[in-house]
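The structure under discussion appears below in the form of structure tokens.
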Amino acid sequence: TPEDRVFAPPRARRMAREEGIDLSSLEGSGPGGRITAADVRAVARGDADSEQATVEPTPTDATTADDSSAADVAAAEAEQPA
Amino acid sequence: MVVGDVTTGTDLLIIGAGPAGYVAAIRAGQLDLDVTLVEKDAYGGTCLNYGCIPSKALITATDIAHEAGNAEEMGIHADPAIDLAGMVEWKDGVVDQLTSGVEKLCKANQVTLLEGTATFADEHTVRVSHSGEGQGSETLEFENAIVATGSRPIEIPNFEYGDEPVLNSKQALALDAVPDSMVIVGAGYIGMELAGVFAKLGTDVTVIEMLDSILPGYDDDLKRPVKQRANDLGIEFEFGYTASEWHDRDDGDGIQVLAEPAADDSDDERLELDAEKVLVAVGRQPVSDTLALEEAGIETDDRGIIETDSRGRTSAEHIFAAGDVAGEPMLAHKGSMEGKVAAEVIAGEPSAIDHQAMPAVVFTDPEIATVGMTESEAEDDGFETIVGTFPFRASGRALTTGDTDGFVKIVAEESDGYVLGASIVGPEASELIAELGLAVELGATVEDVASTVHAHPTLSESVMEAAENALGHAIHTLNR
Amino acid sequence: MVVGDVTTGTDLLIIGAGPAGYVAAIRAGQLDLDVTLVEKDAYGGTCLNYGCIPSKALITATDIAHEAGNAEEMGIHADPAIDLAGMVEWKDGVVDQLTSGVEKLCKANQVTLLEGTATFADEHTVRVSHSGEGQGSETLEFENAIVATGSRPIEIPNFEYGDEPVLNSKQALALDAVPDSMVIVGAGYIGMELAGVFAKLGTDVTVIEMLDSILPGYDDDLKRPVKQRANDLGIEFEFGYTASEWHDRDDGDGIQVLAEPAADDSDDERLELDAEKVLVAVGRQPVSDTLALEEAGIETDDRGIIETDSRGRTSAEHIFAAGDVAGEPMLAHKGSMEGKVAAEVIAGEPSAIDHQAMPAVVFTDPEIATVGMTESEAEDDGFETIVGTFPFRASGRALTTGDTDGFVKIVAEESDGYVLGASIVGPEASELIAELGLAVELGATVEDVASTVHAHPTLSESVMEAAENALGHAIHTLNR
Ligand SMILES: Cc1cc2nc3c(=O)[nH]c(=O)nc-3n(C[C@H](O)[C@H](O)[C@H](O)COP(=O)(O)OP(=O)(O)OC[C@H]3O[C@@H](n4cnc5c(N)ncnc54)[C@H](O)[C@@H]3O)c2cc1C
Ligand SMILES: Cc1cc2nc3c(=O)[nH]c(=O)nc-3n(C[C@H](O)[C@H](O)[C@H](O)COP(=O)(O)OP(=O)(O)OC[C@H]3O[C@@H](n4cnc5c(N)ncnc54)[C@H](O)[C@@H]3O)c2cc1C
């Protein structure tokens, strides 16, 4: 497998960007070494072998878009076609 | 000529060549087991011969005609004529192609095929009696067995399937002339699928249902577009009635079906419905009473369902069961999955029935498809949930097909966003559900689904938008 | 009335309201940015007005008629008549519904809409000139900008789109009478999609292509069923020719299109093709030359494509580009994804263009859909690969629709089985690819896909079977 290809779902990739973690330096716990969101969270919290991870500065101020409050997600009624 | 009673042996005996049995046989053959597959009627079982395939063939064909005949809005003027005998002949050709394919695949995987009816003689022996006069029987010894005998349509009192105007689904799918009128007893998925077929063929259809709505077990929001389109097709409904009997009409012109109010305390009058045919589709029961299961120590529950553990094992250690005979949901793909697991376990692999995502499809117009948990199931299970929806009327692709009823709905776990289940009603629901099945099975999150680029313009974008809606930021719908 | 030159300000200026620009605007509005969206022509851009949506509307409608008219085998006898003016009117209604939806969604997300043509005056200023005589212009200052000006059809020498019988795709999609005959220059996806539409409308179609096959860039096995069906529809091909000029025929009955052999050293004669119309579909070029990009310090490559980094930033830090103007693949969903990323980055989120799975669909008959890497791309990248395929002729669902050409092909990494890419040609390829897109994006393995229960009977089972085939144990095909 080429070195630069990392197998990780989008959520894990976003968390890594948010935390400034270089995914290619992580050992994943998923099948075949796939990196899970939990793996990223563990490194971010420092409770894994975080020496593996190169922390680089985040290029933007990281704010999460995970603003999924229950009120936001009630059935969409006033949609418009597009 | 009477065939003498010979005793032969096999490592793995499989009884029934439906989607549970034949798939188990092929997988076992791939795993180098010595397999004998016994079938009394037709390779492919109910599904290929009388169920899934014939019904979907007629649904698709009548849809093609119906769609073209109702596309003036699109500038298409057609008045398609359907020759039902020709359509049924085509359908039979499709079935033949598939069933002979099953036979070839079994042989190519070194499966021994045996025609006949199997009954257990003891824990390691079956007798197989061949059909046809004087064809005799033989005895077969086995190490392991898989019971995959499927299910049969339930009969109701006074409606016997032998009687000419009374049809079960198998018989209804083989008619070669379009009935002028038909009463369908039961608004479950089989009744509703066939109601659509006959309505599109031009039959006046009336559906009698004991309960108060179509498709018991499905959420109301999913049923609504289906009920609406059934109404538009002119299908009549009588909810809260049970069919009680039928008789020929005095004038010899067709029959009359009588139905009583289902509730004992009802003041409603009984119904008298004139029709040419009556189709009974009130459910299916396991074929477990004709096998002498007790001889092998196999137990069933009080509905006749063979109980199995997570490996597919029955109460007899070395005997497995798969498919409709092993219980709900009585669906072909559930049976195939169980058949594969049983074959793998028998071959010594660490397989188990441990799916998270079991899809179910109703091929009505529009289609309904579900996978995983509904919102209320998830909440009953203790999950805090979020829900994302997207209506097809906001989908560009749906608009270009002229078919915009319905929606995609995704149920996810609140804190991490894991997709727990999904339901879709609308165009291609049967195909769109696959992506969400994979999402549930893999433990994907709504963010994962929302971040996956979906091709434009496709209906599958609606899946992405429903996931984005769950996150509060769908593009093509207001996130309220 | 001449509108006076006023200067206003906006946090985020977006130029172009196609799928890149309007999606960026909505997302930016959701993230509470103060957004102004400038559009000179029509909300929804090329895609909604002249591209994806109109073409898919006509493809679907002509398919409905064609399918019903060719279903004698199924017992359906129909001879649909198409009224093209009616069909185009219906298509225009679909477009209107979508474009007015875009407008409403922008407004609902607090996006300020401005009609006019924007050109850069300096790094933080554009001039917006309003169309229509004497409508004047205004100056707009911005903090950040997203350039999403899309692309336009490439013209070839001697074929000018203003001239009546010479059409580009936009004009071809707006014809209100069916041409008797048409020469299509270019067998790329737009040429091939429209060749199918016109052939099904009854036009005699001849396609001229410089290269030696249809759909350059796609694998041969994917093209074969499309080429075959095009032949069956009576579409003629002239490969290895370039259209050089056209003139009215002497008898006044249509035109003649001349084409020269593409290879300099060819001994072939030049072609003289009679036709009523000629449609030129030889590719699209970025709209980057009319914006005075240099005033803002935005650089393009020698094709005119604005170069961007993984956040969508141009050579000017505060200015982003998205969609066709930012390069290949020139597809709507690629543009929308880039638009979202740019909006999120500008709002301070840690977004990036980092998808693994970019789907592409060709809406020919049958459809082609691809996602992720092809086998040879994966090998070039250094992967050891395994491949799984499944032909639709072994799919029960495909048989019930009468449409069994094509296959599903999955490319995976050998040691762990990660799905790297997939390609599908056949019925509903455009929808089926979604599941495989999710698989690639998630880093799923072929075992994950194979173990996911897929509903029967569906085309999506073919995806599961292709994954099983990669593992050497598909059920419905021999694993050779
Ligand atoms: C009209 C209709 C439409 C349907 N549509 C769908 C659908 O779209 N999707 C879906 O998933 N499901 C559908 N089903 C349900 C589906 O057909 C069943 O779930 C499926 O066939 C079950 O497979 P099975 O292998 O368990 O049993 P069956 O397919 O019933 O096969 C059992 C086989 O065992 C044989 N057999 C029984 N007893 C013996 C014996 N003693 N000795 C030898 N052989 C024996 C029978 O002859 C039969 O061939 C439909 C059913 C019907 C009736
Ligand atoms: C016939 C056809 C079929 C297609 N089918 C598909 C398909 O099925 N799937 C798919 O993914 N893609 C398809 N495409 C391609 C798709 O249309 C483009 O990829 C997509 O439109 C690109 O989006 P965009 O936002 O980058 O640009 P556009 O959609 O081109 O929008 C750019 C907008 O910017 C405006 N603009 C330009 N300059 C200025 C200026 N200076 N000031 C103000 N406004 C300006 C334009 O008027 C235009 O509205 C098709 C294209 C064609 C022609």
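Scanning region A:32-47 for residues that are over 20 Å from C:ASP448 (Cα atoms) and in a loop (DSSP other than H, G, I, E, B), which turns out farthest from the other protein chains (Cβ to nearest Cβ)?
Filtering first and then ranking leaves A:GLY46.
If C:THR46 meets every condition in (1) out of contact with any Gly (no Cβ under 7 Å at 6 or more places or on another chain); (2) of a type in the set (S, T, N, Q); (3) more than 10 Å from chain B (Cβ to nearest Cβ); (4) outside any strand (DSSP E or B) apart from one, which number is that one?
So C:THR46 meets the others, but not (1).
Filter region B:153-197 down to residues that are within 17 Å of the chain's Cα centre (by Cα) and of a type in the set (D, E, K, R) and give me whichever is farthest from ligand 2 (Cβ to nearest atom).
Here the answer is B:LYS170.
Could you check region C:399-417 and list, in sequence order, the residues that are within 14 Å of chain A (Cβ to nearest Cβ) and open to solvent by less than 10 Å² (accessible area, probe 1.4 Å)?
C:VAL411, C:ALA412, C:GLU413, C:GLY417
With (1) out of contact with any Leu (no Cβ under 9 Å at 6 or more places or on another chain); (2) more than 18 Å from C:VAL440 (Cβ to Cβ); (3) touching a residue at least 12 places away in the same chain (Cβ under 8 Å) as the list, and B:GLY406 as the residue in question, which single condition is left unmet?
(1)
When you look at B:ALA78, is it within 12 Å of chain C (Cβ to nearest Cβ), free of Cβ contacts under 8 Å to residues at least 40 places away in the same chain, away from ligand 2 (no atom under 16 Å from the Cβ) and among the hydrophobic types (A, V, I, L, M, F, W, C), yes or no?
Against the criterion (within 12 Å of chain C (Cβ to nearest Cβ), free of Cβ contacts under 8 Å to residues at least 40 places away in the same chain, away from ligand 2 (no atom under 16 Å from the Cβ) and among the hydrophobic types (A, V, I, L, M, F, W, C)), B:ALA78 qualifies.
Within region C:368-398, which residues are within 16 Å of ligand 2 (Cβ to nearest atom) and either open to solvent by less than 20 Å² (accessible area, probe 1.4 Å) or more than 10 Å from chain B (Cβ to nearest Cβ) (or both)?
Correct list: C:ILE368, C:ALA369, C:VAL371.
Could you grab me the full set of residues in region B:130-153 that are modelled with pLDDT of 95 or more, over 30 Å from C:SER395 (Cβ atoms) and open to solvent by 50 Å² or more (accessible area, probe 1.4 Å)?
B:GLU141, B:GLU143
Only one residue in B:ALA28, B:ALA68 is small (Gly, Ala, Ser), closer than 24 Å to B:SER151 by Cβ and buried (at least 22 other Cβ atoms within 10 Å of the Cβ). Which one?
Only one candidate passes the filter, namely B:ALA28.
Sort out which residues of region C:264-285 are within 15 Å of ligand 2 (Cβ to nearest atom) and either under 12 Å from C:TRP246 (Cβ atoms) or free of Cβ contacts under 8 Å to residues at least 12 places away in the same chain (or both), and write them in order of number.
Listed by number, the residues that qualify are C:LEU279, C:VAL280.
Residue check: is C:VAL362 within 14 Å of ligand 2 (Cβ to nearest atom) and under 22 Å from C:SER423 (Cβ atoms)?
yes
Looking only at region B:26-62, how many residues end up being within 11 Å of ligand 1 (Cβ to nearest atom) and touching a Cys at 6+ places or on another chain (Cβ under 7 Å)?
Number satisfying all stated conditions: 2.
Could you please let me know if B:ASP63 is within 10 Å of chain C (Cβ to nearest Cβ) and free of Cβ contacts under 8 Å to residues at least 24 places away in the same chain?
It is false that B:ASP63 is within 10 Å of chain C (Cβ to nearest Cβ) and free of Cβ contacts under 8 Å to residues at least 24 places away in the same chain.
Counting only residues that are of a type in the set (S, T, N, Q) and open to solvent by 30 Å² or more (accessible area, probe 1.4 Å), how many does region C:430-476 have?
Counting residues in region C:430-476 that are of a type in the set (S, T, N, Q) and open to solvent by 30 Å² or more (accessible area, probe 1.4 Å) gives 1.
Please go through (1) over 20 Å from the mean Cα position of the chain (by Cα); (2) open to solvent by 50 Å² or more (accessible area, probe 1.4 Å) for B:GLY254 and return the number of the only condition it doesn't satisfy.
Of everything listed in (1) over 20 Å from the mean Cα position of the chain (by Cα); (2) open to solvent by 50 Å² or more (accessible area, probe 1.4 Å), B:GLY254 misses just condition (2).
Quick one: which of C:ASP92, C:ASP96 is closer than 17 Å to C:ALA172 by Cβ, open to solvent by 50 Å² or more (accessible area, probe 1.4 Å), part of a helix (DSSP H, G or I) and more than 9 Å from chain B (Cβ to nearest Cβ)?
Within the list C:ASP92, C:ASP96, the selection yields C:ASP92.
Would it be correct to say that C:GLY339 is among the small types (Gly, Ala, Ser), more than 30 Å from B:HIS473 (Cβ to Cβ) and either away from ligand 1 (no atom under 16 Å from the Cβ) or crowded, with 19+ Cβ neighbours inside 10 Å (or both)?
So C:GLY339 does not fit the description; no.
Does A:THR1 fit the bill of being at pLDDT below 90, within 9 Å of chain C (Cβ to nearest Cβ) and open to solvent by 70 Å² or more (accessible area, probe 1.4 Å)?
Taking the combined requirement at face value, the residue satisfies it.
Residue by residue, here is whether (1) closer than 23 Å to C:ALA439 by Cα; (2) within 16 Å of ligand 1 (Cβ to nearest atom); (3) of a type in the set (D, E, K, R); (4) touching a residue at least 24 places away in the same chain (Cβ under 8 Å) holds:
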{"site": "C:ALA322", "(1), (2), (3), (4)": "no, no, no, yes"}
{"site": "C:ILE353", "(1), (2), (3), (4)": "yes, no, no, yes"}
{"site": "C:GLU367", "(1), (2), (3), (4)": "yes, no, yes, yes"}
{"site": "C:GLY372", "(1), (2), (3), (4)": "yes, no, no, yes"}
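Can you work out which of the residues in region C:427-449 that are more than 7 Å from every other protein chain (Cβ to nearest Cβ) and out of contact with any Asp or Glu (no Cβ under 6 Å at 6 or more places or on another chain) is nearest to C:GLY75 (Cα to Cα)?
The selected residue is C:LEU436.
Would you check if B:GLU349 is away from ligand 2 (no atom under 16 Å from the Cβ), within 26 Å of the chain's Cα centre (by Cα) and within 13 Å of chain C (Cβ to nearest Cβ)?
Considered against the rule, which asks whether it is away from ligand 2 (no atom under 16 Å from the Cβ), within 26 Å of the chain's Cα centre (by Cα) and within 13 Å of chain C (Cβ to nearest Cβ), B:GLU349 comes out as no.
Tally time: how many residues in region B:300-336 are among the β-branched types (Val, Ile, Thr), assigned to a loop (DSSP other than H, G, I, E, B) and either open to solvent by 30 Å² or more (accessible area, probe 1.4 Å) or within 16 Å of ligand 2 (Cβ to nearest atom) (or both)?
So the answer is 1.
Given region B:376-480, what helices (runs of 4 or more DSSP H) lie entirely inside it while holding 3 or more residues that are more than 19 Å from A:ALA12 (Cα to Cα) and touching a Pro at 6+ places or on another chain (Cβ under 7 Å)?
B:396-401, B:429-442
Name the residue, out of C:MET182, C:MET192, that is in the same structural domain as C:GLU260 (by TED's automatic domain parsing), crowded, with 17+ Cβ neighbours inside 10 Å and farther than 27 Å from C:VAL408 by Cβ.
On inspection, the qualifying residue turns out to be C:MET182.
Scan region C:217-233 and give yes if some residue there is more than 16 Å from ligand 1 (Cβ to nearest atom) and modelled with pLDDT under 95, otherwise no.
yes
Looking only at residues that are free of Cβ contacts under 8 Å to residues at least 60 places away in the same chain and of a type in the set (A, V, I, L, M) in region C:440-462, which one is farthest from ligand 1 (Cβ to nearest atom)?
Applying the filter and picking the extreme gives C:LEU442.
Of the residues that sit in region C:257-281 and are of a type in the set (D, E, K, R) and within 22 Å of C:VAL197 (Cβ to Cβ), which one is least open to solvent (accessible area, probe 1.4 Å)?
Only one residue fits best here, namely C:LYS277.
The values are calculated or read from the model by the stated rules, or taken from the named source; none is laboratory data. Just so it is clear, the structure is predicted and the values come from calculations on it, not from any experiment. Note that each Cβ is placed from the backbone with ideal geometry, even for glycine, and that neighbours are counted across all protein chains shown. SASA here: full protein model, heavy atoms, side chains in, ligands and nucleic acids out. Shrake-Rupley method; radii C 1.70, N 1.55, O 1.52, S 1.80 Å.
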